[in-house]
Amino acid sequence: MPASGLPTRFTKSLAGDAQSAIMPAALPMTPSFPFRARGSLWLFGAVAFLYLFSTSRERPWGDATPIWEVADSIAHSHNFHAKTRWPTTLPNGKDGNLYGLAPLFQCVVHVPGAYLQRTIAKIFPAYWQITWRFTSHLAPTLLGTLSCLLFFGLCRRLGARPIPAAVCTVALAFATSVWVYSRYPYSETLQLVCFTGFFAKLLDARERPDWRQAALLGMWAGLLVNAKPVFVVSGLGAGLFLAWELRGNWRALLLVTLVSLAAALPFGAIYLWYNHLRWGSIYFTGYGLAFAGTTIGAASGVGGGAVPVGVPHETPLLGLWGMFMSPGKSIFLYSPPLFLALLGLPRFFRRFRHIVLAMVLTILPCLYVHAQMISWAGDFAWGPRYLTFALAVLLLPAAFLVEDVLANASRLRHWLGVAAVSAVLLFGGFVTYLGNAIYWDHYIRIETEAVQAWLGVPNNTGDGISIPGAPCPVCFETIYSLQWVPVFNHIVGNYWLLTHLPKNDSWAVAENDAPWRRYTNLHLNIQLNYARARVDWWFVDYRHVFPILAWTLIIVLPTLSVVFLLLFLLEIRRAVRLVRAPEAPAQPPEGEALSAPETPAQPPAGEALSAST
């Protein structure tokens, strides 16, 4: 059995591409353990069916409204028109029609759901509301599931063992914000899938800089920029990474550069064409038209250079600090498994320095652009929304930390490590459950109402964007308390609401133990927005309206998820056994004697063994 711990019959099949054409491979971008394709299917089914079981009762709101409307128009009207003006300052397009602000790719992924919704509603008109809840959330559900599958494959290719790879995949699926954003028709799971695939292909191009890997890298880069144009800066960072890593072979670098650019060109052309269709210019993304005089246009468009004088903005370093360390929006609070990744980062850096370099060059530029916005966390959202795209890549060091914990020789340290990892994952699952239990807008609106009743109505006439008397979700006056004031932490707020909404408590009863009551004896009137709050689960709405269908789904969906999860765990068990089992020596056919082993050829006298020998 080889030193890698894999059976020889498996390692021989991987030997062909184990090394780069340029340099010895610092990591094998080939699977570290055997895993059948059906195992990936089981994993996909286990996550997808549980996501569908827990899906939201809410229709598409906010940014998601025109995204869904454009998808519906594509599927049934064969045009790209929206019906809702969002944001409210968005002008009509060049032909006088109303268009959505989001890139076309964000709408296209919802076209199958929109087509399915119209088809079912035509056959069963009474079911159009309940089917809308599922079809409008179908794309983010499948994309969130796909991101977990890509993460599992990336862990395998980086050398993680079966159990740590499976544990961290389950953690990504159910103990981070991925689950929350897989329940709503926003674009975060699309960005997550595109960035994870792009990052994996970047590492592949570094290991095997041939035309095939370069073409796949360019395709993923094109999809990523179409998911959100700000990721152009991540593409530039990827170029710097490859230029550094392939500096010893300029021919390979030139090949990767030209082929990847050629592969990305059609996707860029689609994006520019859609800009021209809507606004009459390939250079207008629409954000500058809707948010004139703010940093939103820069953050959501291409680049985002120096902010003009007089435009409200955040200091980038302070915005970055807020994303990771603020009391209201720290990524470690909303995705606790990243604590494990942080603890495992030093060892991961010593083992995979170039991967950490790739993380810095592709993730940090995008965060830097968003950090200049007042709403650096993503305004009305769960946690730091603008960090969701990187969750899978940032979680990679956790897989190797878990591997070290499981491999610890000391029994005491082993079980202490297992207990600590389990506690973090359980806490992450609980936080994610709170995010799923109440749609984020409800607490944010209650919190805004409480802040104004307690601390006063802010003077927002100087923000340059808000409409008098209307809330501005991207302005400091509205979101500062949610980002920086611990008493208004969203996780605590959702927990507070969850202790009252299922019991149908009145707003006056709920306000008596509201989080802010630790600091004030004032009774704040939150009646207006508390009346809108409700537990966010489709079954609550439709169990009485469609009892047979609702109870059928409530039984079938989790049952399928459990069955697929058990099948996935059996595949993991098989992979563990194949890794651990020594290979049995081949037996000769009956009647034939064992031949003597071949004597390796000796070099001529006086010649030294080469490095390859």
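Scanning the stretch 498-514 for residues that are in contact with a Phe, Trp or Tyr (Cβ under 6 Å, 6 or more places away or on another chain) and under 20 Å from residue 436 (Cβ atoms) turns up nothing.
Evaluated against (1) at pLDDT 50 or above; (2) in contact with a Phe, Trp or Tyr (Cβ under 7 Å, 6 or more places away or on another chain), residue 29 falls short on exactly one condition, (2). For the stretch 492-531, the set of residues classified as free of Cβ contacts under 8 Å to residues at least 24 places away in the same chain and basic (Lys, Arg) consists of 503, 517, listed by residue number. Taking the stated definitions as given, is residue 217 surrounded by fewer than 24 Cβ atoms within 10 Å (Cβ to Cβ) and part of a helix (DSSP H, G or I)? So residue 217 fails the test. Considering the stretch 490-531, the qualifying helices (runs of 4 or more DSSP H), each wholly inside and each with 3 or more residues that are surrounded by 15 or more Cβ atoms within 10 Å (Cβ to Cβ) and modelled with pLDDT of 95 or more, run over 490-498, 507-511. Scanning the stretch 87-126 for residues that are at negative phi, in a loop (DSSP other than H, G, I, E, B) and loosely packed, with under 15 Cβ neighbours inside 10 Å gives 88, 89, 91, 92, 94, 95, 97, 124. From the list 241, 198, the lone residue that is within 30 Å of residue 101 (Cβ to Cβ) and within 25 Å of the chain's Cα centre (by Cα) is 198. Check off (1) touching a residue at least 60 places away in the same chain (Cβ under 8 Å); (2) in contact with a helix residue (DSSP H, G or I) (Cβ under 6 Å, 6 or more places away or on another chain) for residue 364 and give me the number that stays unchecked. Residue 364 satisfies every listed condition except (2). In the stretch 25-51, the residues that are under 14 Å from residue 161 (Cβ atoms) form Cβ pairs under 6 Å with partners that are modelled with pLDDT of 90 or more and not in a helix (DSSP H, G or I), at six or more places apart or across chains, as follows: 32/159.
Residues checked against (1) in a helix (DSSP H, G or I); (2) exposed (fewer than 14 other Cβ atoms within 10 Å of the Cβ); (3) free of Cβ contacts under 8 Å to residues at least 60 places away in the same chain:
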{"site": "541", "(1), (2), (3)": "yes, no, no"}
{"site": "544", "(1), (2), (3)": "no, yes, yes"}
{"site": "565", "(1), (2), (3)": "yes, no, no"}
{"site": "569", "(1), (2), (3)": "yes, no, no"}
{"site": "577", "(1), (2), (3)": "yes, yes, yes"}
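A Cβ distance below 6 Å, combined with a sequence gap of six or more or placement on separate chains, defines the contacts here; from the stretch 264-276, residues that are in a helix (DSSP H, G or I) reach residues that are modelled with pLDDT of 95 or more and buried (at least 18 other Cβ atoms within 10 Å of the Cβ) in the pairs 264/218; 264/221; 264/222; 267/222; 267/226; 271/226; 274/104.
Being at pLDDT below 95, over 22 Å from residue 421 (Cβ atoms), in the same structural domain as residue 234 (by TED's automatic domain parsing) and aromatic (Phe, Trp, Tyr): is that true of residue 291 here? Give the steps one after another, and end with the answer.
Numbers: at pLDDT below 95: yes; over 22 Å from residue 421 (Cβ atoms): yes; in the same structural domain as residue 234 (by TED's automatic domain parsing): yes; aromatic (Phe, Trp, Tyr): yes.
For residue 291, the condition - at pLDDT below 95, over 22 Å from residue 421 (Cβ atoms), in the same structural domain as residue 234 (by TED's automatic domain parsing) and aromatic (Phe, Trp, Tyr) - is met.
In the stretch 325-351, the qualifying residues are those that are without any contact (Cβ under 8 Å) to a residue 24 or more places away in the chain and closer than 22 Å to residue 488 by Cβ, and the one that is surrounded by the most Cβ atoms within 10 Å (Cβ to Cβ) is 332.
The values are calculated or read from the model by the stated rules, or taken from the named source; none is laboratory data. What you see is a predicted model, and the numbers here were worked out from it, not measured in a lab. As a convention, Cβ positions derive from the backbone with ideal geometry for all residues, glycine included, and neighbour counts pool all protein chains shown.
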